[in-house]
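In what follows, a structure is listed as structure tokens, so that the remarks can point back to it.
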């Protein structure tokens, strides 16, 4: 069915609001069905997943707005108009999703387009707060805290590479170890690449020329990295249906709180203790 050009965005919004997804979400320490995901899902994840200096920028912007309002310096100028446009571009879609109870899963990846205006608003809020102060000591302390916050986020990104999307902040989430008890981490399965490459490079059981492997993920996540034969005579083959595998590549999504009761762990992919 061909959809008219001007009607297409509204059809897409309707499909998004009623997307037929029927798996489970690990949120706040529990596995939830789509109908059980609370309305504060997005807000909770934004508060736990965004770096602290971005959250502080929103708070400082709110304080600056209240200070300006109490001082009676309210003016609808170009900066105010810009702030309103950014606010609408970021908060509007979030509010629409929350009100319509659209199905949400895999963190807030569906609303990443709202982050750029939210981050700009955070920076503008911090700047507006700094301009409203006359105390140079407070400004210096604020600048130092911002630098420390930015450097901490950079250090976390370096430690998590290349799985930066699993980041949780320290102030609210309590860091990766605590966040792992409440939220989904490696929900996209990108670490299968590292696992598959390690297996191909280092797993060499004696007197075995063919290693049959399987996994609890789509074949594309592992099979692509097994196409080229590794050094030596050994070769890897994905297990056929009902065939016993020598090695199992296991994504711990939905099972991150339980210990495996079978097999022997050859190698684990982890970052920051998770």
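Where a number appears in this text, it was derived from the coordinates with a stated rule and is not lab data. None of these values were measured; they are calculated from a predicted model. Cβ atoms come from the backbone with ideal geometry, glycine included; neighbour counts cover every protein chain shown.
With a 10 Å cut-off between alpha carbons and a GNM built on the chain, which of 138, 25, 63 moves the most?
Checking each option, the largest mean-square fluctuation is seen for 138.
Only counting other Cβ atoms within 10 Å, I'd like 118, 177 sorted with the fewest neighbours first. Don't skip to the answer; put the middle values down first.
Values: 118 20, 177 12.
With the sparsest Cβ surroundings first, the list reads 177, 118.
For the range 18-179, just say rounded, prolate or oblate: build the C-alpha gyration tensor, square-root its eigenvalues into a ≥ b ≥ c, call rounded for a/c under 1.5, and beyond that prolate if a/b exceeds b/c, oblate if not.
Oblate.
If you take the square roots of the eigenvalues of the alpha-carbon gyration tensor of the range 192-249 and sort them as a ≥ b ≥ c, do you get rounded (a/c under 1.5), prolate (a/b over b/c) or oblate?
It comes out oblate by the Cα gyration axes.
Determine the equivalent ellipsoid of the chain by diagonalising the alpha-carbon gyration tensor, then write out the semi-axes as square roots of 5 times the eigenvalues, largest first, rounded to whole Å.
Sorted largest first and rounded, they come to 45, 25, 16 Å.
Kindly express, to the nearest 10 degrees and within the range 0 to 90, the angle between helix 52-71's C-alpha long axis and the longest C-alpha principal axis of the chain.
Relative to the chain, helix 52-71 is tipped by roughly 10 degrees.
How high is the relative contact order of the chain, in percent, counting Cα pairs under 8 Å that sit 6 or more residues apart?
21
Give me 110, 69 ranked fewest to most by other Cβ atoms within 10 Å of their Cβ, as a rough exposure proxy.
Sorted ascending by nearby Cβ count, the order is 69, 110.
Starting with the fewest neighbours, write out 190, 222, 65 ranked by other beta-carbon atoms found within 10 Å of each beta-carbon.
190, 65, 222
How many nm separate the modelled label positions at residue 268 and residue 204, each set 7 Å beyond the Cα in the direction of the Cβ?
Between residue 268 and residue 204, the simple spin-label model gives 2.6 nm.
Tilt of helix 136-160 relative to the longest C-alpha principal axis of the chain, in degrees (0 to 90, nearest 10)?
Once rounded, one gets 20 degrees.
Enter the angle in degrees (range 0 to 90, nearest 10) between the Cα long axis of helix 78-100 and the first principal axis of the Cα atoms of the chain, meaning the one along which they spread out most.
Its long axis makes an angle of about 50 degrees.
Using just the helices of the chain, give the 222 nm mean residue ellipticity in deg cm²/dmol: DSSP H runs with n ≥ 4 each add -39,500 (n - 2.57), and the total is spread over all residues, rounded to 500. Don't skip to the answer; put the middle values down first.
Numbers: 9 runs with 124 residues, N = 274.
Mean residue ellipticity, 222 nm, calculated: -14500 deg cm²/dmol.
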